[in-house]
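Throughout, read-outs are computed from the coordinates displayed, never taken from laboratory work. Values in this document were obtained by computation on a predicted structure and should not be read as measured data. All Cβ positions, glycine included, derive from the backbone under ideal geometry; neighbour counts span all protein chains shown.
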Amino acid sequence: MRSPLLINSAWGILANLLQTGMTSAFFVILARKFPANDFAQFLIANTVYQLVAAFSSMGLSQWFIRDYASSDDKTSLTVDYLKIQVILGLVFYAVNVVAAFTLYPNGTIRMLSIILGTNIIFDNLISAIKCLNIAEFLQKKSANILLIDALLKLSVGSLLFLYALPIINIAILLVVARLITVNLFIKIGSASNITLVEVLQRNINLAHLRNILTSNWYFVIIGSVSVVYWSVANIIISKMLTLKEVANYEISFKIFSVMLLLPIVASGSIFPRFIALYKTGNLNELRRLFNNIQRIYILTSVLVYAFIVSFSQFWLPLVFGRVYADAVPCVNLMFLTFLVFPTMFLQANLIVAMKMEKMDMIFNLCSLVCNVVGCLLGLMLYRSLSVVNYSIAGSLLIFHFLQDVLLIKKGFSTWLATAGFYAGMLAFVPLYQYAMIYTLPWVPFAVVGLAVVVILVSALAKPGLLHPANESFIKA
């Protein structure tokens, strides 16, 4: 059981849980210490920055990880990649400022965008070194430094218990904390003997840069849509609903992001394994690994959904304050999406590993268009945050189904298995809601939790679940 896949995934999940715990604590402190309007303005500026940052790396991380494994000159490829990220970070910082001034006349939002936007440059460098560590199976280094980053962010938030700092000052301190993180990544964050001076001195020919971007333009969409998908909804809410709804949506998304940690971090280690198996032509082992992990993801999705629906009404007001008690319905609706998101993420990794990123790009675009159109049309007819959640869930369901059709054609699934997945989810949700009405909240969760644990333990006890198996693959 001591494979690089399991070791990297386990460490990554543990470190990210600690990191997200501290980051979430910072978020909770802001929600409690600032008025709802100030908190919402910070969230809007942060959303604009994240929206632009989604494009700033131009989606080249997956391209780098995939090409790094087969490159003869890994050092040169890495230096080029880092320098490209610095250039793109500067360009998109300017885009961030222009976007904020165009969308919002509010002076506080504009100032926060100028300050927080500098993180785009730092984030590009950090993301580039994280990708290098993934390619070298050294996620542990990245995780350690990001733990320090989360601790610094929590320390900034903790100052509010001592001083009544304005929200602008908090933003400045966050940028300082991010700068410290960048320096740690450059000095100790990578095994490669590359210095910042070497990166800055590297000359990137504009024709070479254009060639990289144009030949991998589909990665721009693949790498950006996931962030744009959620951020654009927040922008729409800020323009069509109240600032309080902005805060409710962002609280829901933060909780959603925390619960996504396990599948996302695990997929970060699984993705290189998918690439290696496809490159060697070991398709039977690739199918077996994919199907086994997919089953684990489905069970995890069901358990997380049950937990949120059963207990959010109790712990959410306790954590964020009673002023945000009306965020509970939004949280519960958003977690409908969780029933398909982890397996959708896993399937996207498999599709890209098999060099079908153009199809993944098309699926991403279809889903994004459905989401934006659904949000805009729905909010024109009915001004409610639930419209946004249903639009997100519906568009991701379309994304998942398009992936299913492609993977069925490639022999990684069957129509029967796909129909069983959707039928099971469609039956589970109303049955669980029905059980919530006629029993105490913990009862249906206990039943689901016990069933999931028993299935997972029995599956993990079998030899060859995540390792190469001698027996031939039996398609689910």
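Take the Cβ atoms of Asn169 and Asp326, set R0 to 35 Å, and the FRET efficiency comes out at 0.75. Here the 3J(HN,Hα) profile of segment 377-386, calculated from phi with Karplus coefficients 6.51, -1.76 and 1.60 at θ = phi - 60°, is 5, x, 6, 5, 8, 8, 7, 8, 5, 4 Hz, Gly and Pro shown as x.
Full extension of the chain segment joining Lys410 with Asn205 gains 69.9 nm, where the gain is 0.36 nm per residue of separation less the Cα-Cα distance. Relative to one another, the C-alpha centroids of segment 247-323 and segment 351-412 are positioned 17 Å apart. Calculated on C-alpha atoms, the gyration radius of segment 216-476 divided by its Kirkwood radius gives an Rg/Rh of 0.98.
Which value results when the Cα radius of gyration for segment 222-286 is divided by 2.2 N^0.38 Å? Walk me through the intermediate numbers first.
Details: Rg = 17.7 Å, N = 65, 2.2 N^0.38 = 10.7 Å.
For segment 222-286, the normalised Cα radius of gyration comes out at 1.65.
Sorted largest first, the spans of the alpha carbon positions of segment 259-352 along the three principal axes are 55, 17, 15 Å.
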